[in-house]
Structures are given as structure tokens and as C-alpha cells.
1. When the chain is modelled as a GNM with alpha-carbon springs shorter than 10 Å, which of Glu75, Glu46, Glu160 fluctuates the most?
2. Order by neighbour count: Asp43, Asp50, fewest other Cβ atoms within 10 Å first, most last.
3. So how do Val5, Val82 line up by other beta-carbon neighbours within 10 Å, fewest first?
4. Share of antiparallel DSSP beta bridges in the chain, in percent to the nearest 5?
5. For the chain, what is Rg from Cα atoms divided by 2.2 N^0.38 Å, rounded to two decimals?
6. Within the P(r) computed for the range 33-76, what percentage of the Cα pairs occupies the region above 17 Å?
7. Taking only DSSP H segments of four or more residues, each worth -39500 (n - 2.57), what value at 222 nm results for the chain once the sum is divided by all its residues, to the nearest 500 deg cm²/dmol?
Amino acid sequence: MLFPVIKGSYERGGEVHSVLPEKSVFYKNHVINWAQDVSRSLDYLETRNDIAQEKIGFFSFSWGSSIAPVICALEKRIRAAVLHASGFVMQKPLPEVDPLNFLPRVHIPVLTLNGKNDTAYPLETTQKPMFKLLGTVEKDKKMKIYEGGHLVPRSELMKESLAWFDKYLGAVK
């Protein structure tokens with residue numbers, strides 16, 4: 001597992017004070033930097049002979065899931081994705097980094113795991129529209145909705161995520 005520490009997070013923090021999108025060049029540049037950070041992380045994995053390059057999966061949670069369409073559309077080395085607590089953010093960024101514009105360009109298998117009563121990403125207005133706009137063929141995308149809010153029960157999250165990656169990337173050996 002690789003956990004990229006993207007610009008503005010953890011010890012690389014300081015510039016971004018909110019993960020909410022905004023219509024500014026500052027925010028646009030951060031989204032571009034985040035995508036570059038993920039790509040550089042995958043570049044690093046390519047230097048490792050103990051990593052199966054054709055079996056790279058993407059797992060995200062909440063804010064990471066809201067920008068996942070940008071990453072998954074641009075980064076062709078990602079072969080499958082699980083988006084936990086996903087949906088549109090109501091604030092709009094500039095069009096060149098708006099996840100809405102990238103969703104139709106996502107063609108990898110995608111599983112979304114969401115809470116029915118998520119107040120951050122309401123089911124009808126953010127989760128379902130995001131899922132519907134994915135460019136992934138119907139047979140390779142799946143949406144699971146659970147009772148509860150922003151967090152999916154941990155046992156279900158692990159079971160469904162591992163089953164999805166096993167199905168599309170192969171079981172870990």
C-alpha cells in the first residue's frame with residue numbers, strides 16, 4: 001500500500017486551509033499538484049520490482065473520493081478504484097479541474113461505498129449523480145449504499161473493497 005502525502009497535507013501543509021473547491025487559480029494549481037503527486041508516487045512504484053505494475057488500485061475516502069475522478073481519468077496506470085464516502089462537492093472549482101468534467105473520462109472499474117444518510121454527500125443530490133456520470137461501462141461499476149452516515153461499517157468496507165480489487169486486479173499472492 002502506498003499512501004501519497006500530497007501537497008498541502010500532513011508535513012506538506014500550510015497553504016491550503018480548506019479542501020472545499022473554489023474558483024481560483026490557487027485551487028486549480030493545487031488540484032494539478034495533487035494529480036502530479038499521485039503520478040510521481042506511481043513513478044516511484046515503477047522502480048520497485050516487487051510491485052505488480054499492472055495491478056495498481058486506487059482507494060479514497062471522502063474528500064479524496066470527491067477529487068478521484070480527476071486522478072482516475074488522468075492516471076492510466078490505475079486499473080480499478082474504490083471510492084468510500086463519495087459524491088460531488090457543491091462548491092465549484094474552475095472547469096479545468098472540476099471532477100464533473102472528468103467523470104465521463106473514467107473508464108476503469110469503480111466501486112462506490114456510501115452511507116444512505118451522509119450529510120456531507122447526500123445520496124440523491126451528490127452520490128447518485130456522480131456515480132451515474134462515470135464513464136465506466138455498467139458491468140464494471142457498482143454502487144453500494146449502507147444505513148448510516150458518512151462512514152460505511154468497517155467490516156463491510158474491508159470486505160467489499162478487497163473483493164472488488166481481487167475481482168479486477170487479482171488476488172494478492
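1. Of Glu75, Glu46, Glu160, the Gaussian network model singles out Glu46 as fluctuating most.
2. Arranged by neighbour count, lowest to highest, Asp43, Asp50 become Asp50, Asp43.
3. Details: Val5 12, Val82 26.
Going from least to most buried by this count: Val5, Val82.
4. Details: 0 of 16 bridges.
Bridges in the chain that DSSP calls antiparallel: roughly 0 percent.
5. For the chain, the normalised Cα radius of gyration is 1.00.
6. So the pairs more than 17 Å apart make up 32 percent of the total in the range 33-76.
7. Values: 5 runs with 60 residues, N = 173.
The helix contribution divided over the chain gives -11000 deg cm²/dmol.
Every number here is computed from the coordinates shown, using simple stated rules; none is lab data. Given the structure is predicted, the values throughout are model-derived calculations rather than measurements. A quick note on method: Cβ atoms are made from the backbone with ideal geometry, for glycine too, and the neighbour counts reach across all protein chains shown.
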